[in-house]
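Bear in mind these aren't lab numbers, they're just calculated from the coordinates by the rules spelled out. No experiment lies behind these values; they were computed from the predicted model shown. Cβ placement follows ideal geometry from the backbone for every residue including glycine, while neighbour counts extend to all protein chains displayed.
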Amino acid sequence: MPKLIEFLGYNPVPLGTSFADRIRHSRRALGLNLVEFAALIGVPANTIHCWEQRGTQPGNRRMERVLALLERLCLAG
């Protein structure tokens, strides 16, 4: 996916509105697996899995930090 984004100059996959959508979208855009993305975010891989698949969400403070990090990486919109 990163090569496609680089070629097009944008990510053709819609961002989505939920936290789970944003996490999944960002991880795929970076071309990272759960373990790699979890290390980048600073949480266990199981946490990323729960966020993406079960729709669970972190507390407000952690969510703000994660979204701010993704925004700095120009991935969360």
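Could you go through region 7-15 and let me know if any residue there is touching a Gly at 6+ places or on another chain (Cβ under 8 Å), part of a loop (DSSP other than H, G, I, E, B) and at negative phi.
So far as region 7-15 goes, yes, one or more of its residues are touching a Gly at 6+ places or on another chain (Cβ under 8 Å), part of a loop (DSSP other than H, G, I, E, B) and at negative phi.
Looking at (1) exposed (fewer than 13 other Cβ atoms within 10 Å of the Cβ); (2) at positive phi, find the lone condition where residue 56 falls short.
Every condition holds for residue 56 apart from (2).
Considering only region 25-66, how many residues are of a type in the set (A, V, I, L, M, F, W, C), within 18 Å of residue 11 (Cα to Cα) and in contact with a Phe, Trp or Tyr (Cβ under 8 Å, 6 or more places away or on another chain)?
1
What are the residues in region 1-24 that are under 16 Å from residue 52 (Cβ atoms) and either in contact (Cβ under 8 Å) with a residue 12 or more places away in the chain or in contact with a Phe, Trp or Tyr (Cβ under 7 Å, 6 or more places away or on another chain) (or both), if any?
Listed by number, the residues that qualify are 1, 13, 15, 18, 19, 20, 22, 23, 24.
Test of understanding: among 46, 33, which residue is closer than 19 Å to residue 3 by Cβ and surrounded by fewer than 16 Cβ atoms within 10 Å (Cβ to Cβ)?
33
Show me the helices (runs of 4 or more DSSP H) entirely contained within region 29-77 in which 3 or more residues are under 11 Å from the mean Cα position of the chain (by Cα).
The helices (runs of 4 or more DSSP H) meeting that bar are 34-41, 60-72.
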